[in-house]
Amino acid sequence: MVAIMLAAANPAIDLRAITTVAGNASLERVTHNARATCALARIGGVPIAAGADGPLIGALKVADHVHGESGLDGVELGVGDVPLHELHAVALMARVLEDSAEPVTICAVGPLTNVAILLKAHRDLVAERVREIVVMGGTLGAGNVAPLAEFNILTDPEAAAIVVESGVPVTLCPLDVTHQALATPAIFQRLRALDTPLAQNVAVLLAFFADRYRDVWGMPEPPLHDPVTVAHLIDPTLLEIVDAHVAIELHGTHTRGATACDRFGVTGQAPNARVAIGIDADRFWDLVLDAVDRLGRAG
């Protein structure tokens, strides 16, 4: 939700489309949530398309223990008059690439199923028209749904492997960096002080997420994962990034979905990704709060 708001509100971003993929909740629910976010924030003119309803292999396992049954629990949100595009997400992504006069960046903040299908179905188009794929996913250490795996990657590790092995420039924003973007009490105070209905709704939704994060992982302050990817596109100096070879573990009994990141070149394999390891959290939150303020005062 906040990633969409940040992308729509900041003038550095030209948001061409929003696509959905099953992950935090079912495809139907996450598509509703994307449309509801646009209705809540009065974001118009951006096509929204539904994509894959499950991973390339196996059954979908949603994260209702964190995000609630709706995938965005905390308040009831309606979609208003925000339409759903008739094309499948992958077809819409391909159309955006075809219609663009310059390379496009894909910002992937869920499982990578749609992106992997795009890479397989439109390989030449992607090679010509995609500047970079920026991913919220992975971990360099402890996972959040398995000892060594992060949710977005573990939900569809085969898709993640296709993406990192594609040869397209990839930037990975793992838990290690998003866990530095914490919604502290001071951030909640600044959010509520914006004093708009939108800001209050964002605060309520973030408070629900904070309660779940505290209950599930024992973290007193919740991280804001997905907007880190958008913030990086707005300000490329925001993150500390290293080049590394990243491989996705597909077969390990205890390690399926792990992102094996060779930061120090011990395998001798050439880097295939840029991996974020640090963030200027103060500047990150300035961007987020500015976006909520802009949208809350518009219209």
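Bear in mind that the values in this text are calculations on the coordinates, not laboratory data. Fair warning: this is a prediction, and the values are worked out from it, not measured in the lab. Please note: Cβ atoms are built from the backbone with ideal geometry, for glycine as well, and neighbour counts cover all protein chains shown.
Tell me, what is a quarter of the convex hull surface for the C-alpha atoms of the range 212-288, in nm² with one decimal? Could the numbers behind the result be given before it?
Numbers: hull surface 28.5 nm².
Mean projected area for the range 212-288: 7.1 nm², to one decimal.
Using the Kirkwood formula over every pair of different C-alpha atoms, what hydrodynamic radius in Å results for the range 71-150?
Numbers: mean 1/r = 0.0660 Å⁻¹.
Mean inverse Cα-Cα distance, inverted, gives 15.2 Å.
Quick one: grab Rg to one decimal and Dmax as a whole number for the range 133-212, Cα atoms only, in Å.
Gyration radius and largest Cα-Cα distance of the range 133-212: 16.2, 46 Å.
For the chain, what is the convex hull volume of the alpha-carbon atoms per residue, in Å³?
Working: hull volume 37.1 nm³, N = 299.
Given the Cα convex hull of the chain, per-residue volume reads 124 Å³.
With equal scatterers on the alpha carbons only and no solvent term, can you work out the Debye log10 of I(q)/I(0) for the range 166-299 at 0.09, 0.16, 0.22 1/Å?
Relative scattering, expressed as log10 I(q)/I(0), comes to -0.35, -0.91, -1.29.
State which stretch of the chain is the longest one without any exposed trypsin sites (Lys or Arg not before Pro), exposure meaning a DSSP loop state and at most 15 other Cβ atoms within 10 Å.
Values: sites that count: Arg42, Lys61, Arg263.
Longest site-free region, per DSSP loop and neighbour criteria: 62-262.
For the range 40-192, just the Cα atoms, rotate onto the principal axes and tell me the three extents in Å, largest first.
47, 41, 31
State, as an integer percentage, the relative contact order of the range 1-127 based on alpha-carbon contacts under 8 Å between residues 6 or more apart. Please list the in-between numbers first.
Working: 183 pairs, mean separation 35.4, N = 127.
Once divided by the residue count of the range 1-127, the mean separation gives 28 percent.
Of all the stretches in the chain, which is the longest one without any exposed loop site, taking GluC sites (Glu not before Pro) in a DSSP loop (any state but H, G, I, E, B) with at most 16 other Cβ atoms within 10 Å? Could you put the intermediate results ahead of the total?
Details: sites that count: Glu69, Glu76, Glu86, Glu165.
Longest run free of exposed loop sites: 166-299.
Charges on Cβ only, +1 for Lys and Arg, -1 for Asp and Glu, centred on the Cα centroid of the range 2-297; of Ile43, Val126, Pro271, which one is farthest towards the dipole's positive end?
Of the listed residues, the answer is Ile43.
Before anything else, pin down the relative contact order of the range 2-297: Cα pairs under 8 Å, at least 6 apart, normalised by residue count, whole percent.
Values: 602 pairs, mean separation 60.4, N = 296.
Relative contact order of the range 2-297: 20 percent.
Using only Cα atoms, locate the centre of the range 210-268 and the centre of the range 5-28, then give the distance between them in Å, rounded to an integer.
If we compute the Cα centre of each part, the gap is 19 Å.
Rounded to the nearest 5, what % of DSSP beta bridges with both residues in the chain are antiparallel?
Values: 13 of 27 bridges.
Of the beta bridges lying entirely in the chain, close to 50 percent run antiparallel.
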